[in-house]
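Scroll down for the structure; my scribbles are underneath it.
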Amino acid sequence: MTTPSRRKPARGPLLVLLGVAAICQRAVRTLFRQPIVLLSVMVFPLVFLLVLGNSLNRQLSDLPLAVVDEAGNALSSELVRAVRSLESGRGLVRLDFPTDRASALEDLHRGRVRGVWVLPPGLARQGPPPAFLGDNTDRFAYETLQTALSELWREVAGGRDAAAPSAHVEAYPYLDYLTYLGPAVVCLAIFMGSMVSGGLQVLEDRMYGYHEGYLVTPISTGTLVAGHILAGGLVAASGGVSVLAVVLLMTPLPFPGWPAVAVAVGTILLTSLAIAAIWFLLFARARHASILRGAFGIINVLLFYPSGALYPVESYPGWLQAISRVDPLTHGVSALRDLLLRGAPITAVRAPWMFLLTFTLVAGILTKVLFRREV
């Protein structure tokens with residue numbers, strides 16, 4: 001009777017190859033057990049292309065422009081018809097015709113319009129020409145509107161004796177692009193801080209067993225959810241306030257006054273709570289950090305770029321504007337720009353504050369419904 005031959009243990013290069021194969025097999029199996037990671041690798045580039053490509057370097061359109069006709073003569077009527085062609089033809093502007101200059105300037109300072117075109121009394125080809133008052137906190141929109149309206153005046157006035165192209169006035173002190181990005185950078189700090197202290201903290205509590213300690217206490221689910229959101233919001237707000245202080249100290253931005261700064265800090269806190277609530281809602285049932293790694297890129301693109309932090313929201317396509325309207329960062333960036341760059345009154349942040357509070361409340365309720373008190 002023959003004895004079965006024993007297989008010799010692998011040594012040398014064969015042992016190395018077997019080790020590499022085993023590690024590779026384990027990595028591939030782990031990947032397919034967590035499909036969100038694989039899905040993000042395929043979906044993220046497409047989302048990035050769609051959102052980033054439609055939120056930057058687009059042809060400007062639908063810029064709100066107020067036209068104040070104080071002349072009421074034939075030339076002003078001709079100019080009004082010409083500027084309407086910018087709305088119906090190129091789609092560059094979305095026109096509003098306030099009854100007086102004061103209300104138009106108030107809309108400008110509250111960020112409701114990007115510019116005011118005044119057709120003064122006595123308007124004539126020899127002068128006085130129209131005057132353009134633009135929101136120069138957004139250089140893209142300001143320069144585009146100023147150029148288009150100057151060309152209109154040249155076409156309508158015409159002739160060698162026509163006055164110089166319409167005078168243009170910057171509504172605010174000159175702001176470089178770095179200062180313009182200040183509110184956007186504050187909101188970016190909020191986003192990063194809420195990610196670390198919101199979604200990631202919840203996942204780490206579950207992974208390392210801290211979450212089990214909460215479950216054996218009489219703390220209700222609502223209290224647990226509110227505590228996580230508040231903690232994430234406070235950490236993110238501290239980062240946002242720190243960046244705000246750097247922006248006020250290091251950029252040539254005129255000091256807006258302590259009341260405006262206090263309201264800006266309140267805006268940062270409310271925005272932080274809203275973003276922290278998003279993270280907790282998204283990861284209410286997640287158990288592995290790989291989910292955060294897979295979803296971070298997509299969430300970043302869907303929250304930061306549609307917010308108008310880098311480019312005018314009005315020029316986005318309709319589907320991207322819909323995302324922008326429900327994005328808390330959009331309202332945070334808008335309120336901070338109104339307060340810090342445009343010098344708007346404190347009451348201008350009432351609508352953004354109401355949205356942020358409502359958003360946080362709704363996200364918290366949904367998180368409470370989805371959250372499970374289990375190990």
Is there a residue in the stretch 269-291 that is modelled with pLDDT under 80, buried (at least 20 other Cβ atoms within 10 Å of the Cβ) and hydrophobic (A, V, I, L, M, F, W, C)?
yes
As an exercise: evaluate Thr147 against (1) closer than 24 Å to Ala82 by Cα; (2) modelled with pLDDT under 85; (3) open to solvent by 40 Å² or more (accessible area, probe 1.4 Å); (4) of a type in the set (Ser, Thr, Tyr) and give the number of the one condition it does not meet.
(2)
Only residues that are under 18 Å from Ala276 (Cβ atoms) and open to solvent by less than 10 Å² (accessible area, probe 1.4 Å): list them for the stretch 321-335, please.
Asp327, Pro328, Leu329, Gly332, Val333, Ala335
Hey, among the residues in the stretch 99-122 that are part of a loop (DSSP other than H, G, I, E, B) and of a type in the set (Val, Ile, Thr), which one's least open to solvent (accessible area, probe 1.4 Å)?
Val113
Return yes or no: is Trp258 at pLDDT 85 or above, touching a Leu at 6+ places or on another chain (Cβ under 7 Å) and surrounded by fewer than 24 Cβ atoms within 10 Å (Cβ to Cβ)?
no
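With the requirement that a residue be surrounded by fewer than 20 Cβ atoms within 10 Å (Cβ to Cβ) and within 22 Å of the chain's Cα centre (by Cα), what does the stretch 128-142 give you?
Once the filter is applied, which keeps residues that are surrounded by fewer than 20 Cβ atoms within 10 Å (Cβ to Cβ) and within 22 Å of the chain's Cα centre (by Cα), the stretch 128-142 yields Arg139, Phe140.
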Exception for Ser77 within (1) at pLDDT below 90; (2) open to solvent by 40 Å² or more (accessible area, probe 1.4 Å) falls at (1)
Selection count where residues are open to solvent by 80 Å² or more (accessible area, probe 1.4 Å) and either outside any helix (DSSP H, G or I) or within 18 Å of Val265 (Cα to Cα) (or both), scope the stretch 354-371:
2
Name the residue that is surrounded by the fewest Cβ atoms within 10 Å (Cβ to Cβ), counting only residues in the stretch 304-320 that are under 11 Å from the mean Cα position of the chain (by Cα) and assigned to a helix (DSSP H, G or I).
Val313
What number goes with the only condition from (1) free of Cβ contacts under 8 Å to residues at least 40 places away in the same chain; (2) assigned to a loop (DSSP other than H, G, I, E, B); (3) exposed (fewer than 15 other Cβ atoms within 10 Å of the Cβ) that Arg125 does not pass?
(1)
Candidates Asp62, Asp96, filtered to the one that is under 30 Å from Ile298 (Cα atoms), open to solvent by 50 Å² or more (accessible area, probe 1.4 Å), modelled with pLDDT of 85 or more and not aromatic (Phe, Trp, Tyr)
Asp62
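The values are calculated or read from the model by the stated rules, or taken from the named source; none is laboratory data. Worth saying up front: this structure is predicted, and the values here are computed from it rather than measured. Please note: Cβ atoms are built from the backbone with ideal geometry, for glycine as well, and neighbour counts cover all protein chains shown. All accessible areas refer to the heavy atoms of the entire protein, side chains included, with ligands and DNA or RNA removed. Shrake-Rupley method; radii C 1.70, N 1.55, O 1.52, S 1.80 Å.
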